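Q: First the structure, then my questions, so here it is.
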Amino acid sequence: MAILPVGSYEQHGAHLPLITDTAIACVIAREVSAIHPVLVLPPLSIACSHEHGTWAGTVSISSRTLHAVITDIAQSLEASGIRKLVLVNAHGGNYVLSNIVQEANVSEPRMSLFPLSHDWKRARERAGLISDGHADMHAGEIETSILLHAEPSLVRPGYETADHDGGERRFLLTEGMKAYTETGVIGFPSYATAEKGKAVLASLVGDFAEHLRVLG
């Protein structure tokens, strides 16, 4: 079985880097591979970040391109005898990954998407995070906590005062992030701690076993 970290290259406010989602996907993959017998592939570091498209530094590819790249990777792995693939996704805007996984599993379980929303929710609860997944959407408590624990050099000073409540965000797909935040942050990084990040990762690593079971 192989796992493929999928991130993004997009703005994360002033306190986190453009590679935040890719770094988090790689951290999760690293932690999982320390416990479970999986092959970790190099990450896909540019994906679907169009909702951030007007911020300097953000780079995107189309959902069609991401679909094609992952399909090609899966076919190449199969040629080497690896028929199971887990996509470790750390960017919520990569919606097309759900379609890729569904298409891959028509005849038998071959691919899984991790973490699922249930995995993230349970990790938040176990780690004692204050914010929920909706309010803490981007560059907030959970992302900052994970990096404070696993890659603290990537977190700049200022996260303690960077909180922003983006509200309901009913038309995010139409209007993009700029309609709901001036700083690029939607969430509560001031709540972040390294201890919470460690607990989030421990929860995710434990829940990965279920994905292995389902894939057989």
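The values are calculated or read from the model by the stated rules, or taken from the named source; none is laboratory data. Not measured: the values here are computed from a predicted model. Because the Cβ atoms are built from the backbone with ideal geometry, glycine has one as well, and the counts that use them run over all protein chains shown. The accessibility values were calculated without ligands, DNA or RNA, using every heavy atom of the protein model including side chains. Shrake-Rupley method; radii C 1.70, N 1.55, O 1.52, S 1.80 Å.
Q: ARG156: more than 24 Å from ARG122 (Cβ to Cβ) and either open to solvent by 30 Å² or more (accessible area, probe 1.4 Å) or touching a strand residue (DSSP E or B) at 6+ places or on another chain (Cβ under 9 Å) (or both), yes or no?
A: yes
Q: Quick one: which residue in ILE35, ILE46 is over 16 Å from the mean Cα position of the chain (by Cα) and hydrophobic (A, V, I, L, M, F, W, C)? So that I can check it myself, show each step before the final result.
A: Values: ILE46 fails: over 16 Å from the mean Cα position of the chain (by Cα).
Criteria check complete, one pass: ILE35.
Q: Oh, and also: Do you know which residues across the stretch 113-147 are within 30 Å of SER76 (Cβ to Cβ) and open to solvent by less than 20 Å² (accessible area, probe 1.4 Å)?
A: Across the stretch 113-147, the qualifying residues are PHE114, PRO115, ASP119, ILE146.
Q: Of these, PHE208, PHE188, which one is in contact (Cβ under 8 Å) with a residue 24 or more places away in the chain, crowded, with 17+ Cβ neighbours inside 10 Å, out of contact with any Cys (no Cβ under 9 Å at 6 or more places or on another chain) and within 23 Å of SER49 (Cβ to Cβ)?
A: Working: PHE208 fails: within 23 Å of SER49 (Cβ to Cβ).
The conditions single out PHE188.
Q: Still on this structure, please answer the following. GLY53: out of contact with any Leu (no Cβ under 7 Å at 6 or more places or on another chain) and surrounded by 14 or more Cβ atoms within 10 Å (Cβ to Cβ), yes or no?
A: Details: out of contact with any Leu (no Cβ under 7 Å at 6 or more places or on another chain): yes; surrounded by 14 or more Cβ atoms within 10 Å (Cβ to Cβ): yes.
The answer is yes for GLY53.
Q: Of everything in the stretch 14-43, what is surrounded by 15 or more Cβ atoms within 10 Å (Cβ to Cβ) and under 25 Å from LYS178 (Cα atoms)? Give them in sequence order.
A: Across the stretch 14-43, the qualifying residues are HIS15, LEU16, PRO17, LEU18, ILE19, THR20, ASP21, THR22, ALA23, ILE24, ALA25.
Q: In the stretch 95-121, what residues are touching a Gly at 6+ places or on another chain (Cβ under 9 Å) and in contact (Cβ under 8 Å) with a residue 12 or more places away in the chain?
A: Answer for the stretch 95-121, where residues must be touching a Gly at 6+ places or on another chain (Cβ under 9 Å) and in contact (Cβ under 8 Å) with a residue 12 or more places away in the chain: PRO109, SER117, TRP120, LYS121.
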